[in-house]
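Nothing in this text is a laboratory measurement; each read-out follows from the coordinates by a stated rule. Bear in mind the structure is a predicted one, so any value in this text is a computation, not a measurement. Counting neighbours? That spans all protein chains shown, and the Cβs are built from the backbone with ideal geometry, glycine included.
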Amino acid sequence: MRPRHLDEVVGQRELIGPGAPLRVLAETGVLPSLLLWGPPGCGKTTLAQLLAGDPARARFVALSAVVAGLKDVRAVVEQAAHEARAGRRTVLFLDEIHRFNRSQQDALLPHVERGTVTLIGATTENPSFEVITPLLSRCRVFVLQPLTREDLLLLLRRTLGDGERGLAKQAPAVQEDALLAIAEVAEGDARRALGLLEAAVDLIRGRDGEGHSLDVETVRAAAGQRLLVHDRNRDAHYDVVSAFIKSLRASDPDAALYWGARMLEAGEDPRFLTRRLMIFASEDIGNAEPQALPLALAAAQAVERVGMPEARIPLGQAIAFLACAPKSNACHRAFDAALDTVRRTGSPPVPLHLRNAPTALLRELGHGRDYRSPHATADSFVAAENLPEALRGSRFYEPKEVGAEAVIAQRVADWRRRREADE
């Protein structure tokens, strides 16, 4: 069912619609080296073949960086040079280009630079991180999107109605909700959708008796357990983690619980979630809810001691609590500001009254002189300046008027007024 021309391609209208960039390249026949970045099953290989154009004018060679090496690339380049003398260009399609290491990508550079081959690289990973800068600068990058549910439904119906390349000759009656289920499970991946449709049709054909139709139960049986789109250290991982943290920060417990559950269901280590919760408790809640960090620590301990699947219960409690807690990043900002000041100002001397005075000589030199203990006062406060002289009056912690930190804000403001009055 691979499209034979651009008009058969589903999805990616912003790239192949009338007047869109890839449509213009295909129509003019002027094809630069380019990179196609998008998720699995969105049409990267298909677009590469269609962009290569007429086989009589362009030789299309497909390699996978998973199994190919420099020897294969050199063979393509050698043949490309021979074809060029006959007026025929070579389009090298390198699938999973991010699997090539730096030296392998470096080896492509001179041939792309000279135009010996026109490179079309396909990748599911962010090329900014996975493709070396010199090669990236010689290619135009096009971002492909996952197919929509409507795109997948169009593709599935087209397959069921195609008697030459599709399933029209063997497909049973198909219920509409079964197609919807396939489109939902495929999650934007045309290859997955077609594979699931084929598997479901095979299940129907293998059953005894007549009159079976392709229904949701058949789709469920063919699909088995849904595999979620997630990985441990690449874009899908960081996108979902970002959504999780930003939902917590937005005080949206429903969204936070969803993203947390999605990570767990996709196989994420629950200890990773607890680490993120501990960081969040201090970074985004801080003193607005002093119980946030202890609860996050308790959830981490529960994960270690209880284990999954039961540990999901304290995890859910911690996620909901942190999402609903008042938010303040004042402590986080304060310490970063203090670190920035230290880096800028170096090590000004410690005020004498704060210095340690363990010996008579140090006491004679003034260490500890005029120090007053707050515990010796009625309200446990002494209006003395405790910063180095060069930093006198600096302010780092600005408590917010939210949650428990509102009380701290009033207290800190009063102490600062009293210190200023004592100067």
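Data overview
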quantity	calculated
Diffusion coefficient, µm² s⁻¹, Stokes-Einstein with Kirkwood Rh over alpha-carbon pairs of the stretch 288-376 at 25 °C and 0.890 mPa s	139 µm²/s
Residue of D151, D162, D370 that the Gaussian network model of the chain assigns the largest fluctuation, springs spanning Cα pairs under 10 Å	D370
Cα-only radius of gyration and Dmax that characterise the stretch 149-223, units Å	11.2, 34
Alpha carbon convex hull of the stretch 3-157, projected area averaged over orientations, nm²	9.1 nm²
Nearest-0.05 FRET efficiency for V143 and S213, computed from C-beta distance (R0 60 Å)	0.95
Convex hull volume per residue for the chain, taking Cα atoms only, in Å³	253 Å³
Cα-Cα P(r), the stretch 235-324, percent of pairs per 5 Å interval	3, 16, 29, 27, 18, 6, 1
Residue among G188, V174, T159 farthest towards the positive dipole end of the stretch 149-223, charges placed on Cβ	T159
For the stretch 274-351 and the stretch 167-207, distance of Cα centres in Å	47 Å
Over the chain: helical MRE at 222 nm, DSSP H runs n ≥ 4 each giving -39500 (n - 2.57), nearest 500	-15500 deg cm²/dmol
Model label zone, R392; criterion: amide N under 15 Å from point 7 Å along Cα-to-beta-carbon; scope the stretch 337-363	349-354
Inter-part distance where the stretch 372-423 and the stretch 52-109 are each reduced to a Cα centre, Å	69 Å
Listed peptides 69-79, 181-191, 108-118 by packing density, highest first (mean Cβ within 10 Å)	181-191, 108-118, 69-79
Label-point separation, Q317 to E385 (7 Å along Cα→Cβ), nm	4.9 nm
Over the chain, relative contact order from alpha-carbon pairs under 8 Å, at least 6 apart, %	11 percent
Binned Cα-Cα distance frequencies in the stretch 81-176 - 5 Å width, integer %	2, 11, 16, 15, 9, 10, 10, 11, 9, 5, 2, 0
Potential lengthening between R355 and D269 on full extension [0.36 nm per residue; Cα-Cα distance subtracted]	26.3 nm
FRET efficiency estimate (nearest 0.05) - Cβ-Cβ, R99 to A168, R0 35 angstrom	0.40
Cα lying deepest toward the dipole's positive end in the chain, options P110, L34, T90, charges on Cβ	P110
